[in-house]
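**Student:** Starting off with a structure, shown below.
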Amino acid sequence: MYLYMNEVDGRLKQDLAKWEIGSIVGEVHSVFEQAINIMLKTEERMITLAVKSVTQAPDMLKTTNHRLFHQLAQTLRPTKVVYLHGYSQLAIDHYVIDFNDANEWCGQIARPSVRSSSLKSIIRRLDGFLSANGKKDGLLPAYQHVFLNNKETQTAHLTIHQRGLIKHLALFQQTYQSKFLQSFIGLGIGLTPSGDDFLTGLLAVGYAYQAEYLVSIMHTKQEWLHLMKQRTTTISYQMLKNCLNGAVNDGIQQLLLSGDKFTEHELEAVVKIGSTSGTDMLVGVVVGYRILHDHYSQGGNEDGSKSNCREERLS
């Protein structure tokens, strides 16, 4: 029985083509209503089969055939072996996952072009959207408490994880040193904890603009990957690892590409990710822009040196 995929991460398609047809590529890791995760055999890499409504992400293949997808998901259990059946085809039991004609997607974070004078407006718009549409069960109350001095956020009513997020966010705000970001790894609950979602948004902005905190992290990338693997879930580790490698989900990617011309629709596309994941990612994005704004307000160049020029492009 063939399940045809409509969209595939182009890099993943190229990498799978290097495998020998008929070989075991991995095994089923976890099965959810809208996603099936497969762990590859020879590397710490997870690929995901998903339905159309799931936001495209690195190492993901998507289908519009919900009926057959759910039929497949109901038959699967973790450790089920996955084979390379043919060129651009995977096989699980009697199902063939065919992505030969799927549209190829690229999750690489591009370098947008934004004027430093636009950063304040970007931050204001993101804050306004989060205030009106953000989900409050994750990191948003901590952000509003620390960065917006929102005293309406009563810490007594927050979860222990949210109070921890306030503490670590306040520490990071003081210096923006990357070492304080390690405390966010795995902080929260769920498949992708709030701290990891926040880091995804923040790292994506840092990667796009080569911010100082991202450059610092990349100097000790292996240490960061080791901490991520130790402290958080397998699924979240894969997300963070992809981000450190310069790839991010389509929602964040499109938002960054739009620079200061992003739309309400693009923001809504991010917020709909997971329960609070999209909101927490947006918080990471706005904090990233705040760091850029502070840097340029103090006359900084992209290389960290001082500049007399107030108006410059960040491309």
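**Student:** I'm checking my understanding of the structure. Among residues of segment 1-56 that are polar (S, T, N, Q) and under 15 Å from residue 247 (Cβ atoms), which one is surrounded by the most Cβ atoms within 10 Å (Cβ to Cβ)?
**Tutor:** Restricting to residues being polar (S, T, N, Q) and under 15 Å from residue 247 (Cβ atoms), the top hit is 48.
**Student:** For a quick check of your reading of the model, give me the residue pairs whose first member lies in segment 231-246 and is within 13 Å of residue 197 (Cα to Cα), whose second is among the polar types (S, T, N, Q) and assigned to a helix (DSSP H, G or I), with beta-carbon atoms closer than 8 Å and at least 6 apart or on different chains.
**Tutor:** Close Cβ pairs satisfying both conditions: 239/200; 240/200; 243/200.
**Student:** I'm told residue 170 meets every condition in (1) touching a helix residue (DSSP H, G or I) at 6+ places or on another chain (Cβ under 9 Å); (2) more than 16 Å from residue 286 (Cα to Cα); (3) surrounded by fewer than 17 Cβ atoms within 10 Å (Cβ to Cβ) except one. Can you identify the failing condition by its number?
**Tutor:** With (1) touching a helix residue (DSSP H, G or I) at 6+ places or on another chain (Cβ under 9 Å); (2) more than 16 Å from residue 286 (Cα to Cα); (3) surrounded by fewer than 17 Cβ atoms within 10 Å (Cβ to Cβ) applied to residue 170, the lone miss is (2).
**Student:** Tell me, yes or no, whether segment 258-276 has at least one residue that is outside any helix (DSSP H, G or I), over 14 Å from the mean Cα position of the chain (by Cα) and either on the phi > 0 side of the Ramachandran plot or surrounded by 17 or more Cβ atoms within 10 Å (Cβ to Cβ) (or both).
**Tutor:** yes
**Student:** Now for a separate question. Check 187, 181 and return the single one that is in a helix (DSSP H, G or I) and modelled with pLDDT of 90 or more. So that I can check it myself, show each step before the final result.
**Tutor:** Details: 187 fails: in a helix (DSSP H, G or I).
Answer to the check: 181.
**Student:** Same structure, new question: Is at least one residue of segment 70-93 closer than 16 Å to residue 249 by Cβ and not in a loop (DSSP other than H, G, I, E, B)? Can you show your working first?
**Tutor:** The initial filter retains those residues of segment 70-93 that are closer than 16 Å to residue 249 by Cβ, namely none.
Checked segment 70-93: no residue is closer than 16 Å to residue 249 by Cβ and not in a loop (DSSP other than H, G, I, E, B).
**Student:** For the subset of segment 182-210 comprising residues that are crowded, with 24+ Cβ neighbours inside 10 Å and of a type in the set (A, V, I, L, M), which member is farthest from residue 254 (Cα to Cα)?
**Tutor:** 199
**Student:** Just one of 38, 123 is touching a strand residue (DSSP E or B) at 6+ places or on another chain (Cβ under 8 Å) and not aromatic (Phe, Trp, Tyr); which is it?
**Tutor:** Numbers: 123 fails: touching a strand residue (DSSP E or B) at 6+ places or on another chain (Cβ under 8 Å).
Sole residue among the options that is touching a strand residue (DSSP E or B) at 6+ places or on another chain (Cβ under 8 Å) and not aromatic (Phe, Trp, Tyr): 38.
**Student:** Provide a single number: the residues in segment 78-109 that are surrounded by fewer than 16 Cβ atoms within 10 Å (Cβ to Cβ), of a type in the set (Phe, Trp, Tyr) and at pLDDT 95 or above.
**Tutor:** 0
The values are calculated or read from the model by the stated rules, or taken from the named source; none is laboratory data. This structure is a prediction, so every number in the text was calculated from the model and none was measured. Reconstructed Cβ throughout: ideal geometry from the backbone, glycine too, with neighbour counts over all protein chains shown.
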